[in-house]
Amino acid sequence: MDKKEVAQILEEIGTLLELHNENPFKVRAYHNASRIIGGLTESLDHLVETGELRSIKGIGEGLAEKITELVKTGHLKYYEDLKKSLPPGLVEMLAIPGLGPKRIKILYDKLGISTIGELEYACHENRLLDLEGFGLKTQENILKGIEQVRRHSEKHLYPAALEAAERVHGSLAKVKGVIRSSIAGSLRRKKEIIGDIDILVSAEPKFVDKIMSSFTSHEDVDRIIAKGETKSSVLLKSGINADLRVISDKEFPYALHYFTGSKDHNIAMRTLAKKADIKMNEYGLFKGPSEKFIACRDEEEIFATFGMSYIPPELREDMGEIEAAKAGKLPVLLEESDLRGTFHCHTKYSDGVNTIEELVKAAKELGWEYLGIADHSKSAAYANGLDEGRVKTQWKEIDQLNGKLKGFRIFKGTEADILPDGTLDFSDKILSGFDYVVVSVHSKFKMTEQEMTKRIIKALKNKYTTMIGHLTGRLLLSREGYPVDVEAVINAAADYGKMIEINAHPLRLDLDWRWCKYAKEKGVLIPINPDAHNAEGLRDTFYGVGVARKGWLEKKDVVNTYNTSEVEKLFERTRA
DNA sequence: GCCGTTTTCGGCCCGACTGTTTTCAGTCG
């Protein structure tokens with residue numbers, strides 16, 4: 001059993017224990033372990049074999065035993081018994097906002113409700129009213145919550161959430177009395193999937209009411225969920241929840257850090273603060289028993305209080321950033337302005353809508369100095385893939401354009417299909433005529449992980465392969481990626497001197513940021529590619545920058561930051 | 001269930017809001 005499955009089971013155990021009203025710290029231990037295992041870059045098998053598992057912070061005797069059983073046998077009796085003890089519908093009911101494990105358990109124990117459907121029916125029959133701790137309002141809110149679960153997935157792609165957040169934040173920033181304001185939460189950390197929007201504002205107390213009201217009455221608001229003195233919560237018409245917190249300007253840096261999260265990062269920071277006898281919350285840092293306020297003007301000064309360098313929001317996932325900041329070993333993260341071009345773009349030749357010239361114009365407007373064209377290859381019939389004849393026509397056009405363009409270079413590339421047997425669908429003769437070759441899987445997704453990994457590694461090994469495109473083929477919120485051993489592919493890329501793209505399309509963001517740090521450590525170079533099918537799509541590259549930053553990547557790790565002649569050399573090197 | 005310069009037991013991050021209470025539990029982040 002691999003780490004993804006183990007992490008999933010640990011997560012589920014935590015949830016089941018919650019429904020059993022277990023000790024919340026025990027619950028947390030499981031959720032925490034799930035995150036640790038899911039984020040491991042070394043082989044889980046190896047950790048189990050050597051017993052090193054036990055030495056990981058957060059994995060004690062009990063968890064190590066259970067994980068070992070899972071890895072070795074593929075089963076865990078403890079988990080299976082736990083699963084049998086409760087109907088599966090209870091876990092689904094946790095998705096209803098405002099309904100947590102305690103009350104779900106009461107509903108189950110007292111009324112025998114075990115599915116969302118039964119719960120809805122019971123609400124309509126007013127059967128919740130007689131239960132202690134439940135009332136009419138609760139019943140109404142549960143009904144609204146059920147409707148919300150059905151209407152919206154509760155998860156949103158980064159661009160949609162960002163657009164919604166910027167509309168609300170843009171209006172709020174202009175409201176009288178607002179001193180400082182920021183989008184916080186997972187959006188500020190540039191997560192690929194966003195649960196809800198967090199906005200933070202600082203203001204004098206006399207303006208707070210007006211600011212809250214201007215938020216809850218914003219034209220994008222569908223329904224007000226909560227409205228208080230410091231916090232309000234609404235459901236936007238787009239189906240995204242948005243929270244606003246208003247604090248004094250003195251508190252702004254602490255609140256910004258707190259509401260940016262992640263939750264795990266915050267817990268780790270608070271624990272660290274506590275060791276220094278400092279209480280840390282959204283209102284400040286307080287030293288010693290007298291709780292003396294430690295003044296910080298911004299987040300930099302908060303980190304500096306603990307002898308740490310500034311941790312960029314993207315890194316705040318409790319995945320080593322705190323230790324690195326203490327040691328002064330944080331990476332200098334890639335910036336958007338470091339990019340000089342991109343690769344993997346489609347034109348009218350295959351399934352894009354623009355001509356090469358139109359894409360070049362758009363690239364120049366972004367301040368870039370080169371652009372790689374990588375249309376589909378001949379077996380991608382669904383995408384109007386190019387055969388050898390049309391490839392040569394395209395080369396001629398690119399040569400002509402390169403002759404005309406001053407200070408700009410078009411690279412000749414292709415997105416060659418990786419056939420089921422791992423070979424590419426062009427001969428070496430044709431492949432050698434490209435400046436670079438992106439290889440991608442577009443067919444026969446239903447292979448075993450072993451077969452798929454073998455297929456991809458074989459394609460990587462091809463002399464003319466430069467980089468692999470969208471490694472897992474996932475489409476966020478709509479399609480799981482095909483099964484592939486990412487670690488093995490990264491190792492192979494390192495061995496053969498090949499690159500792995502970050503596909504920057506917001507539905508893909510594949511390579512996942514959780515793997516970037518490992519790829520970097522292995523010395524694998526990463527290009528950021530928009531997979532653009534029109535000129536506007538080139539801008540998606542900037543979502544890829546977010547992924548790279550979350551993945552600890554620096555300028556030198558990313559191919560797009562090199563100049564034209566350096567890129568040429570890097571491409572040649574992949575054929576060595 | 002984990003952890004330890006307060007070390008094998010007794011803690012475990014901390015606060016806001018809601019709805020149901022008449023002093024608090026549940027939920028959320």
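The numbered conditions (1) surrounded by 15 or more Cβ atoms within 10 Å (Cβ to Cβ); (2) in a helix (DSSP H, G or I); (3) more than 10 Å from DNA strand B (Cβ to nearest atom); (4) not basic (K, R) are all true for A:G14 except (3). Return yes when A:F343 is closer than 19 Å to A:I199 by Cα and not small (G, A, S) and no when it is not. So A:F343 fails the test. Being away from DNA strand B (no atom under 12 Å from the Cβ), assigned to a loop (DSSP other than H, G, I, E, B) and more than 23 Å from the chain's Cα centre (by Cα) is the filter here, so list the residues in segment A:125-175 that pass it. Of everything in segment A:125-175, those that are away from DNA strand B (no atom under 12 Å from the Cβ), assigned to a loop (DSSP other than H, G, I, E, B) and more than 23 Å from the chain's Cα centre (by Cα) turn out to be A:E125, A:R127, A:K174, A:V175. One residue alone among A:L107, A:L10 is aliphatic (A, V, I, L, M) and more than 30 Å from A:R223 (Cα to Cα), and that residue is A:L10. Does A:K429 count as farther than 30 Å from A:A160 by Cβ and out of contact with any strand residue (DSSP E or B) (no Cβ under 6 Å at 6 or more places or on another chain)? For A:K429, the condition - farther than 30 Å from A:A160 by Cβ and out of contact with any strand residue (DSSP E or B) (no Cβ under 6 Å at 6 or more places or on another chain) - is met.
Each row is one residue, and each column tells you yes or no for (1) closer than 26 Å to A:N560 by Cα; (2) touching a helix residue (DSSP H, G or I) at 6+ places or on another chain (Cβ under 7 Å); (3) among the acidic types (D, E).
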{"site": "A:G422", "(1), (2), (3)": "no, yes, no"}
{"site": "A:F434", "(1), (2), (3)": "yes, no, no"}
{"site": "A:V437", "(1), (2), (3)": "yes, yes, no"}
{"site": "A:K461", "(1), (2), (3)": "yes, yes, no"}
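Of all residues in segment A:272-303, exactly one satisfies the criterion of being within 22 Å of A:P313 (Cβ to Cβ), free of Cβ contacts under 8 Å to residues at least 24 places away in the same chain and of a type in the set (F, W, Y), namely A:F303. Only residues that are in contact with a Leu (Cβ under 6 Å, 6 or more places away or on another chain), farther than 16 Å from A:E536 by Cβ and assigned to a helix (DSSP H, G or I) were counted in segment A:345-395, giving 0.
If the condition is being away from DNA strand B (no atom under 12 Å from the Cβ), touching a Gly at 6+ places or on another chain (Cβ under 8 Å) and outside any helix (DSSP H, G or I), then segment A:193-216 contributes A:A203, A:E204. For segment A:409-425, state whether one or more residues are in a loop (DSSP other than H, G, I, E, B), without any contact (Cβ under 8 Å) to a residue 60 or more places away in the chain and buried (at least 23 other Cβ atoms within 10 Å of the Cβ). No.
Restrict the check to segment A:275-293 and report whether at least one residue is away from DNA strand B (no atom under 16 Å from the Cβ), at pLDDT 90 or above, loosely packed, with under 14 Cβ neighbours inside 10 Å and not β-branched (V, I, T).
Of all residues in segment A:275-293, those away from DNA strand B (no atom under 16 Å from the Cβ) come to none.
So far as segment A:275-293 goes, no, none of its residues is away from DNA strand B (no atom under 16 Å from the Cβ), at pLDDT 90 or above, loosely packed, with under 14 Cβ neighbours inside 10 Å and not β-branched (V, I, T).
The number of residues in segment A:449-489 being buried (at least 19 other Cβ atoms within 10 Å of the Cβ) and outside any loop (DSSP other than H, G, I, E, B) comes to 12. Quick check on A:R103: is it under 24 Å from the mean Cα position of the chain (by Cα) and either within 8 Å of DNA strand B (Cβ to nearest atom) or surrounded by 18 or more Cβ atoms within 10 Å (Cβ to Cβ) (or both)? No; evaluated as a whole, the condition is false for this residue. Mind listing whichever residues of segment A:249-271 are surrounded by fewer than 16 Cβ atoms within 10 Å (Cβ to Cβ), touching a residue at least 12 places away in the same chain (Cβ under 8 Å) and within 11 Å of DNA strand B (Cβ to nearest atom)? Answer for segment A:249-271, where residues must be surrounded by fewer than 16 Cβ atoms within 10 Å (Cβ to Cβ), touching a residue at least 12 places away in the same chain (Cβ under 8 Å) and within 11 Å of DNA strand B (Cβ to nearest atom): just A:I267.
Take the residues in segment A:54-73 that are more than 29 Å from the chain's Cα centre (by Cα) and under 25 Å from A:D485 (Cα atoms), then tell me which one is nearest to DNA strand B (Cβ to nearest atom). Give the derivation first.
Pass one, segment A:54-73, residues more than 29 Å from the chain's Cα centre (by Cα): A:61-62, A:65, A:69, A:72-73.
Applying the additional criterion that residues be under 25 Å from A:D485 (Cα atoms) yields A:65, A:69, A:72-73.
Values: A:E65: 8, A:E69: 12, A:K72: 17, A:T73: 17 Å.
Going through the qualifying residues, I end up with A:E65.
Every test in (1) more than 11 Å from DNA strand B (Cβ to nearest atom); (2) surrounded by fewer than 19 Cβ atoms within 10 Å (Cβ to Cβ); (3) on the phi < 0 side of the Ramachandran plot is passed by A:G51 save one, and that test is (3).
Does A:L76 qualify as being within 12 Å of DNA strand B (Cβ to nearest atom) and aliphatic (A, V, I, L, M)? When the stated conditions are applied, A:L76 passes them. Within segment A:49-89, the set of residues being under 29 Å from A:T271 (Cβ atoms) and basic (K, R) comprises A:R54, A:K57, A:K66.
Quick check, is A:I225 within 13 Å of DNA strand B (Cβ to nearest atom), of a type in the set (A, V, I, L, M) and within 30 Å of A:A504 (Cα to Cα)? Steps first, answer last, please.
Working: within 13 Å of DNA strand B (Cβ to nearest atom): yes; of a type in the set (A, V, I, L, M): yes; within 30 Å of A:A504 (Cα to Cα): no.
Criteria not met by A:I225.
The single residue among A:G523, A:G551, A:G473, A:G544 that is at positive phi and at pLDDT 95 or above turns out to be A:G523. More than 7 Å from DNA strand B (Cβ to nearest atom), assigned to a loop (DSSP other than H, G, I, E, B) and in contact with a Leu (Cβ under 8 Å, 6 or more places away or on another chain): does that describe A:L119? Considered against the rule, which asks whether it is more than 7 Å from DNA strand B (Cβ to nearest atom), assigned to a loop (DSSP other than H, G, I, E, B) and in contact with a Leu (Cβ under 8 Å, 6 or more places away or on another chain), A:L119 comes out as no.
The values are calculated or read from the model by the stated rules, or taken from the named source; none is laboratory data. Only a predicted model underlies this, so the values are computations on that prediction, with no experimental measurement involved. Cβ: placed from backbone, ideal geometry, glycine included. Neighbour counts: every protein chain shown.
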